[in-house]
Amino acid sequence: MTADADNLPADVAPSRLKNFGRALASRNYRLFFIGQAVSLIGTWMTRMASSWLVFRLAAENANWLLGVVNFAGLAPTFFLGPIAGVFVDRWDRRRTLVVTQILSFVQSAALAVVAFLGEPADATVWLIAGLNLFQGVINAFDMPARQALLVEMVEKREDLPNAIALNSSLVNGSRLVGPALSGFVIAAVGEAWCFVIDAVSYLGVIVALVAMQVAARPRTHVAASVGRHFVEGVRYAAGYPPIRALLLLIGVVSFATMPQSVLLPVFAAEILHGSSNTLAFLSASMGLGALIGALYLASRSTVLGLGRVIVIANLLLGVGLIGFSESTSTAVSCLLLVFTGGGMMVQMAAANTLIQTLVEEDKRGRVMSYFGMAFQGTAPFGSLLGGWLADKYGPSAVVLGSGIMVLTAGAAFATQRSRLREHARPVLIQRGILPDSAAGINAAAELPPISPS
């Protein structure tokens, strides 16, 4: 009962090297991948520069204000995401992304202006929070549109999991490069230039989106009103156990893990007694772990076995968080962050792959907005609570509690996952992932379940 699809014979499971880049054969996805490669480095530079600028200006209120600023940037995904998903299912997804990228360019340019002015400090912090809120509203529409468009970018449906994994590889590769580069830029010329670089980088995605040749989606039945369309999406996601369980797991883990990311500047400066370069190394270590995990997922040939992968990734994440909370060595902390970055990324991308595989096409935008709500929307509450608790009990105690919460959620996931085998199997058979024969179904029962209940 523990055999994994990766252990199939070579003539059934292609080599990992062959699997790795197969989605890049699709022209539209290749354009998107190149545009993202340019833009995401700038995005990670802005995230790191924003955190460091707020930490530098906020002084004794740094813990709390870091939580507030991160809350402002992520909360709109929670509150607006489900409604945004309704519109994403109604609108042209590529045009939606072009608009969100233009607005993101404007937001980064405004951040640069605020940082160049820089005074007074209190006003600068609150302007950054306001601009983060604006970007959060943009992201509430951008994330479901981006995720839903993936299926239209790849020419072969079976390449979708590889496209998701490659996109995660790109996100986390840029997470490795962006913070490290921003550390040097901040030290040399200040945070404002990181925002300038980010603003310019959005042009790469805009050009790629305009150059795509995406066929118009066939018109499908749309509920008579936005409200009915919204209710339909909620009922579907809540009523289909595999999707419901994956969304709940990602929501809990994201909520629990966010305080570590928010408090990284505090760990770098106060616990490890470092500088902006120390913060860059810590953030890059998380990016390295996430990149390794994404490359592993990109090399897989099947979605089968991802349930067990999620459980193992959860264990790595929880143990990494607990170890990091007790570390006072920069080298040890960086090593542990490799595990936390890898564990978080693998859980997120594996859940994304399973949801994208199982969801009905006409509900894809709405369901992916719920995924964004679980992954990013719950994070600001963890960010805000983590900042407040860190002021009262210290950052180490907060991250220790985060690790315990992650392990608890993972244990619950592990004990339930076998119950949903029958719920997911009909969809996998319909889409040709499992064989439609009595013998094939019996053999599939010996594979690990793909999701919890």
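The values are calculated or read from the model by the stated rules, or taken from the named source; none is laboratory data. None of these values were measured; they are calculated from a predicted model. We place every Cβ from the backbone using ideal geometry, glycine too, and count neighbours over all the protein chains shown.
Among the residues in the stretch 153-174, are any hydrophobic (A, V, I, L, M, F, W, C), under 30 Å from Glu119 (Cα atoms) and assigned to a helix (DSSP H, G or I)? Lay out the reasoning, then the answer.
First, pick out the residues of the stretch 153-174 that are hydrophobic (A, V, I, L, M, F, W, C): 153-154, 160, 163-166, 170-171.
Keeping just the survivors that are under 30 Å from Glu119 (Cα atoms) gives none.
Checking the stretch 153-174: not a single residue is hydrophobic (A, V, I, L, M, F, W, C), under 30 Å from Glu119 (Cα atoms) and assigned to a helix (DSSP H, G or I).
Filter the stretch 175-198 down to residues that are surrounded by fewer than 22 Cβ atoms within 10 Å (Cβ to Cβ) and of a type in the set (Phe, Trp, Tyr) and give me whichever is nearest to Asn277 (Cα to Cα). Ranking the candidates gives Phe184 first. Of note, Thr357 satisfies the criterion of being in a helix (DSSP H, G or I), of a type in the set (Ser, Thr, Tyr) and surrounded by fewer than 24 Cβ atoms within 10 Å (Cβ to Cβ). Taking the criterion of being assigned to a helix (DSSP H, G or I), in contact with a Gly (Cβ under 9 Å, 6 or more places away or on another chain) and over 14 Å from Val69 (Cβ atoms), the residues of the stretch 102-140 that qualify are Ser108, Phe116, Asn139, Ala140. Would a scan of the stretch 101-119 turn up a residue that is touching a Lys or Arg at 6+ places or on another chain (Cβ under 9 Å), in contact (Cβ under 8 Å) with a residue 24 or more places away in the chain and either buried (at least 23 other Cβ atoms within 10 Å of the Cβ) or of a type outside the set (Ser, Thr, Tyr) (or both)? Within the stretch 101-119, not a single residue is touching a Lys or Arg at 6+ places or on another chain (Cβ under 9 Å), in contact (Cβ under 8 Å) with a residue 24 or more places away in the chain and either buried (at least 23 other Cβ atoms within 10 Å of the Cβ) or of a type outside the set (Ser, Thr, Tyr) (or both). For the stretch 240-265, filtering for residues that are closer than 14 Å to Gln376 by Cα and among the aromatic types (Phe, Trp, Tyr) leaves 1.
Residues in the stretch 271-288 that are in contact (Cβ under 8 Å) with a residue 60 or more places away in the chain and part of a helix (DSSP H, G or I): Ile271, Ser276, Asn277, Leu279, Ala280, Phe281, Ser283, Ala284, Met286, Gly287, Leu288.
If you scan the stretch 386-411, which residues turn out to be on the phi < 0 side of the Ramachandran plot, of a type in the set (Gly, Ala, Ser) and either crowded, with 16+ Cβ neighbours inside 10 Å or outside any helix (DSSP H, G or I) (or both)? Walk me through how you get there before you give the answer.
Of all residues in the stretch 386-411, those on the phi < 0 side of the Ramachandran plot come to 386-393, 395-411.
With the extra rule that they be of a type in the set (Gly, Ala, Ser), the set shrinks to 386-387, 390, 396-397, 401-403, 409-411.
Hits for the stretch 386-411 are Gly386, Gly387, Ala390, Ser396, Gly401, Ser402, Gly403, Ala409, Gly410.
Which of the residues spanning the stretch 133-147 are buried (at least 24 other Cβ atoms within 10 Å of the Cβ) and among the hydrophobic types (A, V, I, L, M, F, W, C)? Selection gives Ala140, Phe141, Met143, Ala145. Within the stretch 20-67, restricting attention to residues that are modelled with pLDDT of 85 or more and out of contact with any helix residue (DSSP H, G or I) (no Cβ under 7 Å at 6 or more places or on another chain), the residue that is surrounded by the most Cβ atoms within 10 Å (Cβ to Cβ) is Arg47. The set of residues from the stretch 56-99 being closer than 30 Å to Ala269 by Cα and aliphatic (A, V, I, L, M) comprises Leu57, Ala58, Ala59, Ala62, Leu65, Leu66, Val68, Val69, Ala72, Leu74, Ala75.
Remark: Phe339 matches the filter, which requires a residue to be among the aromatic types (Phe, Trp, Tyr), over 22 Å from His423 (Cβ atoms) and out of contact with any Asp or Glu (no Cβ under 6 Å at 6 or more places or on another chain).
Quick check: anything in the stretch 57-64 of a type in the set (Asp, Glu) and either in contact with a strand residue (DSSP E or B) (Cβ under 8 Å, 6 or more places away or on another chain) or in contact (Cβ under 8 Å) with a residue 24 or more places away in the chain (or both)? Break it down into steps so the answer makes sense when it comes.
Just the residues of the stretch 57-64 that are of a type in the set (Asp, Glu), to begin with: 60.
After this cut, where a residue has to be either in contact with a strand residue (DSSP E or B) (Cβ under 8 Å, 6 or more places away or on another chain) or in contact (Cβ under 8 Å) with a residue 24 or more places away in the chain (or both) as well, the list is none.
No: zero hits.
Counting only residues that are outside any helix (DSSP H, G or I) and either modelled with pLDDT under 85 or touching a Ser or Thr at 6+ places or on another chain (Cβ under 9 Å) (or both), the stretch 222-262 holds 4 of them. Tell me yes or no: at least one residue of the stretch 68-91 is crowded, with 21+ Cβ neighbours inside 10 Å, under 30 Å from Gln356 (Cβ atoms) and of a type in the set (Lys, Arg). The answer is no; no qualifying residue exists.
Considering only the stretch 290-348, state which residues are part of a helix (DSSP H, G or I), among the small types (Gly, Ala, Ser) and surrounded by fewer than 19 Cβ atoms within 10 Å (Cβ to Cβ).
Here is the first cut: in the stretch 290-348, the ones part of a helix (DSSP H, G or I) are 290-298, 306-326, 330-348.
From the residues that got through so far, the ones that are among the small types (Gly, Ala, Ser) too are 290, 293-294, 298, 307, 313, 318, 320, 323, 325, 331, 333, 341-343.
Within the stretch 290-348, Ala331 is the sole residue that qualifies.
Right, Gln356: closer than 28 Å to Asn70 by Cβ, at pLDDT below 85 and of a type in the set (S, T, N, Q) or not? Yes, satisfied.
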